[in-house]
Structures are given as structure tokens and as C-alpha cells.
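Novice: What follows is a structure written as C-alpha cells; I'll ask about it next.
What follows is calculated from the coordinates using simple rules that are stated; it is not laboratory data. Because the structure is a prediction, the values reported are computed rather than measured. Neighbour counts run over all protein chains shown; Cβ positions are idealised from the backbone, glycine included.
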Protein chains: 2
Amino acid sequence: MITNQLVKNILDTKLEDIPENVKQHGQKSFLNWLGVAIGAAHHPSVDIVLGLKEELKWAEDVSILGRKEKSDLLTATLINGMSSHIFDFDDTHLDTIHHPSGPVAPVVLALGEKYDVDPDKLLLAFILGCEAELRISNAVYPSHYDLGWHITSTAGVFGSAIAAGVIFGLDEDQLSQALGIAGTQASGLREVFGTMTKPFHPGKAAQNGLLAAMLAKKGFTSSKTVLEAKRGFANVLAPEHQLESVNINWGKQWELLKNSFKPYACGIVLHPSIDACVKLREKSSVDKIERIEIKVNPYVLELTGKKEPKTGLEGKFSIYHSASVGFLYGEAGEDQYSDEVVNSEEVLSLRNKIYPQVDETFTEDEALAKLVLKDGQTFEYEVKHATGSIDNPMSDEALQTKFKRVTAPIISETKANTLIDKIYNWTEINSVSELLSHTK
Amino acid sequence: MITNQLVKNILDTKLEDIPENVKQHGQKSFLNWLGVAIGAAHHPSVDIVLGLKEELKWAEDVSILGRKEKSDLLTATLINGMSSHIFDFDDTHLDTIHHPSGPVAPVVLALGEKYDVDPDKLLLAFILGCEAELRISNAVYPSHYDLGWHITSTAGVFGSAIAAGVIFGLDEDQLSQALGIAGTQASGLREVFGTMTKPFHPGKAAQNGLLAAMLAKKGFTSSKTVLEAKRGFANVLAPEHQLESVNINWGKQWELLKNSFKPYACGIVLHPSIDACVKLREKSSVDKIERIEIKVNPYVLELTGKKEPKTGLEGKFSIYHSASVGFLYGEAGEDQYSDEVVNSEEVLSLRNKIYPQVDETFTEDEALAKLVLKDGQTFEYEVKHATGSIDNPMSDEALQTKFKRVTAPIISETKANTLIDKIYNWTEINSVSELLSHTK
């Protein structure tokens, strides 16, 4: 009875049961999520979805981050979930490559605004939603991910339903049904990585999970054993799984504490390589380079092996591009993933000199880069734990700087500072509506 | 390049290329679909979804079948697709247990109404959508279904996207992208069978596929090889597949011709058993029965093995209930799947005397029933091809009677006759709006 026990665990957990460091990490996760969602608010893919209003005529009810437009609840969760993943700059649970906030935070925000929900309840819903989806991810990783599922949306739909369920105050039966309705909508193929449809996934998971909770609240029926049933989520979507881990040490160990924040606007698996190239740039000017060899974990080439990216978005799936900008600019923010930079001559010329090599013994936050100069000199730099990993996390200062930098094209620094203050001091949030007034 | 070839096949097929018998079978499929959708329009699950309007405030834009209410495009496709599967009385492609109209027809109807689309184009879109999804189902059946996927929604989302794409006039690139956005939303677990969430599946597939085509039309990017890619639909959702069958003999053989219509309001696998019990009721009164043994295909117990159904909906997943009503009433329409009948004393007493036995050699439209009386007499009845199967299809008259019977609680017989006339004589449809005026 894995599903039932999870539901009981969720309903038994109050905000006062959650340790202070977990709450703080939840607040940081939310801040990081909010920043990248605001920052991407004017991406063409967001414009496309907003353009559907002409045909769908939705109500102007709740806020779209970073935009003047509003939409109905379900559309807002789709768009805000999507924009937060566009830069590939959102939070990552490294053990499962799951981005937990994407499917959960949009639901918390939209319901918080529409129903003027007490901020304490929102923090509880956010943390429980994230914790549950991460535990489900743990239970099916890696076979589920290796098969080709985008775990952020497939497991994320449960997090979204749980967050909404907690806010709605669903009872044990209703929340179980909600998980059934959510689980049967679990979807998202890794095949679409590198296109607009990747960030669409967490948005759709947010939307589907919210819909599940809304239906369950009104008495819609479903399976109450969706996680463990013979033809349920784990058996159908994961060749191997360890479902008992969903509930083990609930309330004692927190997966959310393993959620990490990225300094670079690309997949976390690229971070150690970029770190190394940022360091190696001190050793030589670019014109003297013969090649740069980088030993990496196998996932790096599997996920980010694009040799000739044509767009900024494709650049995020290219170790060749990412290592090049690390060396050339000393950073890899959203600016380094523009179409212009991806097609610039200096990048094109350097990326042909990047030679990644898979090493099975390397972890995902590890890399060893070797700079070979034309004159024969070599320099090595080893990254044991990439910046943004659990063992080498971003500092509060770095996180706040990231927030300000990524939101700068959309909101003033004053607003950014206000948002940082409010989210770091969650109890001082008066209402979500007031918070949202600083996001556009 | 399976996806690309499918897209080319779709775009190369004009209405005049489609044989007359295929068009007629398409019209019958549409009629059968429309009837069961109208008939279920006031089911509690429809009321629940319509109740979301309070929170979602959708526009009153297009029609909900059998209801006075209207909604936005996406909600209408969800509801109409759902209601058509509530009675489990919709069409079935027996080779794959796929119900092709459910995900496709709602899209055709909603777009037809909103944009006043030429009925010829709608018939083309409907047939191509159904044909494509059935071919995709063929390619992944049975491993995909056996694993636990509800093939109607997982493959159906492609049919929905294609129907919308044809109506929108998408070009090759756009339609390919639409299939990527659709395929990544493929979902639906068999675990939820027997609950309101089963009929939710074709509705959601209709909605997701339509959304995919709307996004692709506006330039949203995705994978253009979603069917065959390493981490695409077939490899991720089907342990075994024969993808080349998606395109083989396109335009020469039509899977849609294998679509069948059910005389009984339950899964097609129950039909031979009900046929046999309807026949055996001539042999004895119910009080003399010792037991009824029924040999069936293995899927029958897998899908409909519920021994003690409590609700009408659960009754549809019970050979014990279904065989009992076949014997007691000589039919198994929606009336025989009410909560009252499922809990009636005469049914409860007979269903304990039903003994299904799996026989691996039996096909899905085959059954052998043996009636054993208390006095030792026995009678056997063998069904080689159940009513509603390809080899024993419902007659036009029976199909029309079914349409009138199933819609009788919602619309007048005059309206039902008008709808039958119009759909049998498709070219006489003036506009979808006019057609829809007879559905409520």
C-alpha cells in the first residue's frame, strides 16, 4: 500500500514538523525557481502559448510571471511551469536529474493568488509536493530515466497533485484518487530534449496534477493504488524500481535537501566541464589552443552530445558549446546561450577543439579537463564536485546574484531585492497577490 | 523515417482517394460515437468536469454534446471525448482493443463548429486521424497494451493531432512537430479501468492532440521523429513493436474498415459471452440453473474479472454481471449497467453461478457457454464471432436502433432520426452548428 502510506504521510505532516533547514532550502528552491521563470517570461515559446488566447478565450484570472497578461488557473500553471525550465537554469535533484520546483511551484503560486491562501500553507504544500515527487523519482531512477522518460514531468505530476491537494485540504480518499488521476497522465519523452517541448513538460505536469486534484475534490473517481498496482505507474513506466523508498524515513530524511541550484544556464551534467574550462582560461589565450580534452560521466554525452548546435536552445545540449563559452567568457549564463553566441565565429572555432571522453568511473558532478596548447604545453584541472552540486553549493550571495541577473531584463533590481527579502523571510509575505506585484 | 512518411501519407491523401466503403464506415463510426457521447451527457463524471467552470471560468464558445452548456475548445474536446467512452459502448478496433473515434471525433466536431469547416474536410480529417492512430496501435500491440497502457489514449493522441492538423492545413514540418508535441503527452494507465478515469483518457487524448496541433501551427518546436526515435514513443512505451506497419499499404488497406460497433454497453471482449447467454435463456428459467460455465479468451478475465461489482461502472468490468444480465434480460444495454441492476437480488444470485474458464485457443470474439441445470440437463451454445465483430457486424438497422435507444434519455426521436439521416448522407450536412442543434 505504497500510495496509501504516502497519502497518510502527506496528511500527517504539518509545517511545524518540518525542520528549519528544510524550510529554508524550500524557500531557496522557490526563489531560484521564481527567478528563472520570470527571466524567461518573454521567450518565443511563452509568446506562442499566450497567443492561443485568441482561440481559447481564457479568463484573465491569475498571473503569468513576468507578463502583464493573466489567464485561467490551468493555463497559468502550464505557462509558469514551462517558463521556469526554458533556460534549463532551474533547480536539480542530482541523484535523479529531476527538477522538482517546475511542476509544483506554479500550482502553489496560482492557487495562492486565486484563493488568497495563507503563505504558511503554501510553503507546506510546496515542500510536501517536492518531497513526494523526489521520493517517487528515487524509486524509479535510473531505469525509468534510462528508458527515455523525462522524470521531471512523469514524477512531477504527483508533486503537483499533492501540492494542490494539500492546499485544497483533500482528505485521504480524495488525495488518493487525485494521485490516480495524476499518475495516469504521467508523460514526457526525452526525445524532445533540445526543443521547446522540453520545458513544456514541467508546465504540463503542473497543469495535469492541478486538474487531478480539482477533479478529485469534486468526487471524480480513480485508482487509489496508482504507484504500486500491477498496471500502475512504477510497473508500466519503470523496468526496475524500489517503491518502498517512497515512504522510508519519511519526516526524518529530506530529499529536498539534496536539491541544488545551478550557476550555469544548462543541464547540471555540464557544470563540472564548464567549471574546469572557466579555471583553464587563466592558463592561455584562445589562439594558442590545440585542443581541450574533458573526461566526463557517460550521461554528459548522452544528454549533451550535440556537436553542431544551431540555436541557443541547442547550445544547452552541447558540451562543445558549453565548454567553449566557459573558456571564452568565464561564465555560462543565459547570455552565453543566445543564438548569436552559438553561431559566433570564436565559439565555432573553439568548439571544434573540444574532445569529451566518457569515463564510467566519473560521477555526474565530476570532470577532468586537459588543455593542450599548440606549443605542446598542457594544463589539467580536476573538478571533484561542480559548483551547484550538493558538496559545493551556491552561496546565498551567489543565489541572490543569479536571481537579480536572470530577472534583470524583466524587473527592476528594487523589485528583485524585494522578492529576495520576502522569500527569504517567508512569514513576512502578506499575500501572494502582493508578492506577485513585484514580478512584472 | 516512420514519422515523416506518415506525415507525407496524411498530406498526400485527399477525400477522393478514399474508397466509398471506407467513407461509409467512417460515417457509421462517427454516428455510433455521437450516439454514445450524447447518451452519457448527464453522467455524474460529466457534471463534475462541467462543475470546474466555477473555478476555470472558461468561455462559452463551442458545444458540449447533449448539454445546454458550452465551453472553450480544449474543454469541449475533453468532455465530448470522455462522455463517448463512459458507457464503454463506443467503437472498437478488435485487433488492438482501441476505440478510435473517442480521441478524434471531438476535435473534428469542435473545430468544425468553431471555424465552420467544410464537412468534406471534416470527414477527411476524421478518417485520416482514425486510420493513423489504428496503424500506430497495430505497430505497438500487444506488448504496449500488455504492459499496461490504455492504447486508446496513448495512440489516440496522434489521431487527434492529425485530425486537427488536417483541418488547420498544417504543412509537413508543422504536422511533424505536432506529432512530437502529441507523442510526448501520450499517457493513460489500464490501472484506472473501472473508474471515471478510464473514459477521461480519450477525452484527454483529444485535448492533448488538439493542443499539440494548435501549438505547432504557431511555430512551437518539437521532435519530428517521435514515433521511431531512440527515446520516442515506440521504444519507450512498447517493449516490442513493428513500426514499419504504420505506413505499409497506406491508401490500399484501411484499418478503419476493421472498426466495429457494439450491441452491448461493455467491453467488446464480453460480447461473445453475452451473446451465448442471450441464446441460452430460451432453454430454462433462472430458478432451475445450477451453473453456467463459459470458456473465453484470456483477456476476458484479465479485463473483466470483477467478481463482486458494486456499481454499474464496475459491472462493465465483470463477466459475472454481464453474463447474468444477458441471461436474465436478453440484452446488455446501458440500463443493464445501472447501480440498481448491479445490486439487484436476481443478478446477485445468478452471478455466483457464472464460471468463466480461460482457454488460450479462443479468440476475443469467441465463447462457448454451457448451461447446467439442477436436474442434470445441459445445453451448450457456441459463439464463433460475437455480434459486433468484423465477421458478424451490426446491421445498419441495428446501429440506428442503438443510436435511438442510447440517445433517447437526452434527445427526441425526431432529432435522433435527423442526425442519422445527416450522418448517413454526409454531403447533406450544411454546417456543424446546424448538426449540433439536434444534439441537445
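Novice: Amide H neighbours of A:Y355 under 5 Å, at least 5 residues apart or on other chains, H built in the peptide plane: list them.
Specialist: Residues meeting the criterion, in which the H sits 1.01 Å from N, are A:I292, A:E293, A:I294.
Novice: Distance between Cα centroids, region B:170-225 to region B:117-144: provide it in whole Å.
Specialist: If you average the Cα positions of each part, the centres end up 13 Å apart.
Novice: If you take every residue apart from B:D95 with its C-beta less than 12 Å away from the C-beta of B:D95, what net charge results, scoring Lys and Arg +1 and Asp and Glu -1?
Specialist: -1
Novice: Write down the percent of antiparallel bridges among all DSSP beta bridges whose residues are both part of region A:268-383, to the nearest 5.
Specialist: Details: 14 of 19 bridges.
Antiparallel bridges: around 75 percent, rounded to the nearest 5.
Novice: Averaging sequence separations of C-alpha pairs under 8 Å and six or more residues apart, then dividing by the length of region A:156-248, give the relative contact order as a whole percent. If you can, show how the numbers build up before the last one.
Specialist: Numbers: 117 pairs, mean separation 34.9, N = 93.
Contact order relative to length: 37 percent.
Novice: I've got another one for you. For Cα pairs less than 8 Å apart in space and 6+ apart in sequence, what is the mean separation divided by the residue count of region A:289-440, i.e. the relative contact order in percent? Let's see the in-between values first.
Specialist: Numbers: 209 pairs, mean separation 35.7, N = 152.
This gives 23 percent for region A:289-440.
Novice: I've got another one for you. Within straight cross-link reach of A:K204, meaning Cα distance under 16 Å, which lysines are found once same-chain residues fewer than 8 apart are removed?
Specialist: Within the straight-line limit of under 16 Å, A:K204 reaches these lysines: B:K204.
Novice: Another question, then. Tell me, what is the percent relative contact order of chain B, built from C-alpha pairs under 8 Å that lie six or more residues apart? Each step should come with its number before you reach the end.
Specialist: Working: 926 pairs, mean separation 85.6, N = 440.
Across chain B, relative contact order equals 19 percent.
Novice: Point me to the residue of chain A whose C-beta lies closest to the A-onto-B rotation axis, rounding the distance to whole angstrom.
Specialist: For chain A, the closest residue to the axis carrying it onto B is A:S187, 2.
Novice: Next question, about the same structure. What share of all Cα pairs of chain B, in percent, falls into each consecutive 10 Å distance bin?
Specialist: Result returned by the calculation: 5, 23, 32, 25, 12, 3, 1, 0.
Novice: So how do B:134-140, A:26-32, B:234-240 stack up, highest first, on mean other-Cβ count within 10 Å? All intermediate terms of the calculation are to be shown ahead of the outcome.
Specialist: Values: B:134-140: 26.7, A:26-32: 23.1, B:234-240: 19.4.
So the peptides B:134-140, A:26-32, B:234-240, ranked by packing, come out B:134-140, A:26-32, B:234-240.
Novice: Please work out the Kirkwood hydrodynamic radius for the protein assembly as shown, using every pair of different C-alpha atoms, and report it in angstroms with one decimal place. Spell out each step's value before the answer.
Specialist: Values: mean 1/r = 0.0355 Å⁻¹.
Computed over Cα pairs of the protein assembly as shown, the Kirkwood hydrodynamic radius comes out at 28.1 Å.
Novice: Let me ask another. Students often forget the sequence filter, so: which lysines lie under 29 Å Cα-Cα from A:K370 once same-chain residues fewer than 8 apart are removed?
Specialist: Here the lysines satisfying the reach criterion relative to A:K370 are A:K262, A:K279, A:K283, A:K288, A:K295, A:K306, A:K307, A:K310, A:K316, A:K353, A:K384, A:K402.
Novice: Please give the charge dipole size of region B:268-383, origin at the Cα centre, charges +1 on K and R Cβ atoms and -1 on D and E Cβ atoms. Round to the nearest 20 debye. Intermediate results must be reported in sequence, preceding the final value.
Specialist: Working: 14 positive and 23 negative charges, 76 e Å.
With Lys and Arg at +1 and Asp and Glu at -1, about 360 debye.
Novice: Per residue of the protein assembly as shown, what 222 nm ellipticity follows from adding -39500 (n - 2.57) for every DSSP H run with n ≥ 4, rounded to the nearest 500? Numbers along the way, then the final one.
Specialist: Numbers: 44 runs with 451 residues, N = 880.
Mean residue ellipticity at 222 nm (helix-derived): -15000 deg cm²/dmol.
Novice: Let me know the number of lysine pairs in region B:1-154 closer than 20 Å at the Cα, not counting same-chain pairs under 8 apart.
Specialist: Close lysine pairs found across region B:1-154: 14.
Novice: With N set to the number of residues, divide the alpha-carbon radius of gyration of region B:268-383 by 2.2 N^0.38 Å and report two decimals.
Specialist: Working: Rg = 12.7 Å, N = 116, 2.2 N^0.38 = 13.4 Å.
Its radius of gyration relative to the 2.2 N^0.38 Å reference: 0.95.
Novice: Please report, to one decimal in angstroms, the Kirkwood hydrodynamic radius of region B:349-400 built from all distinct Cα-Cα pairs.
Specialist: On the way: mean 1/r = 0.0746 Å⁻¹.
Result for region B:349-400 stands at 13.4 Å.
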